[in-house]
Every structure is written in structure tokens, then in C-alpha cells.
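Before any comments, here is the structure.
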Amino acid sequence: VNEMKKTKTLKVTYVRSAIGYNKNQMKILEALGFKKLNQTRVLPDNPSVRGSLYHVRHLVEVVEE
């Protein structure tokens, strides 16, 4: 009766520096919570996060969980 909802998540790793790219991309990475290169974060799988990841897809690796 007391089941936990399994919410979908994305495991995102910041793998390439944003230096030399548009400054807005660095701001998007900061908004997603990245502070350092090779940092991994588990983020909720929703349209807002996916939209942000789309803009920095060349700088991160995403694994669906």
C-alpha cells in the first residue's frame, strides 16, 4: 500500500570546459549545479532540465536512470 513513486532521473557529468563558448552556456551549467569539471549530478527528468541540457549537450554526458 505504501509504495514509493519511482521518479525518473538523469545522471549528468560535466566533461568539457565551457571556456571559449558562449557565456550563456556557462550560466546554464551553473544553474544546473555544476561547479567543477568532471562533476556528476543526478537531476530530475523533466522538460525544463532537458531543455537546459540541450543547450550544453556538447559539454556534458547524460545517462538516463
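The values are calculated or read from the model by the stated rules, or taken from the named source; none is laboratory data. Given the structure is predicted, the values throughout are model-derived calculations rather than measurements. Ligands, DNA and RNA are excluded from the accessible area calculation, which covers all protein heavy atoms including side chains. Shrake-Rupley method; radii C 1.70, N 1.55, O 1.52, S 1.80 Å.
Annotations for the structure displayed:
- Listed by chain and number, the lysines whose alpha-carbon sits under 24 Å from that of residue 8, ignoring those within fewer than 8 places in the same chain, are 35.
- Protein-only accessible surface at a 1.4 angstrom probe places the residues 21, 54, 14 in the order 54, 21, 14, largest first.
- Relative to the current alpha-carbon distance between residue 61 and residue 26, full extension at 0.36 nm per residue lengthens the span by 11.0 nm.
- Descending Cα extents along the principal axes, the chain, whole Å: 53, 21, 16
- For the chain, DSSP calls about 100 percent of its internal beta bridges antiparallel.
- Carbon + sulfur, % of accessible area of the chain - ligands and nucleic acids excluded, 1.4 Å: 52
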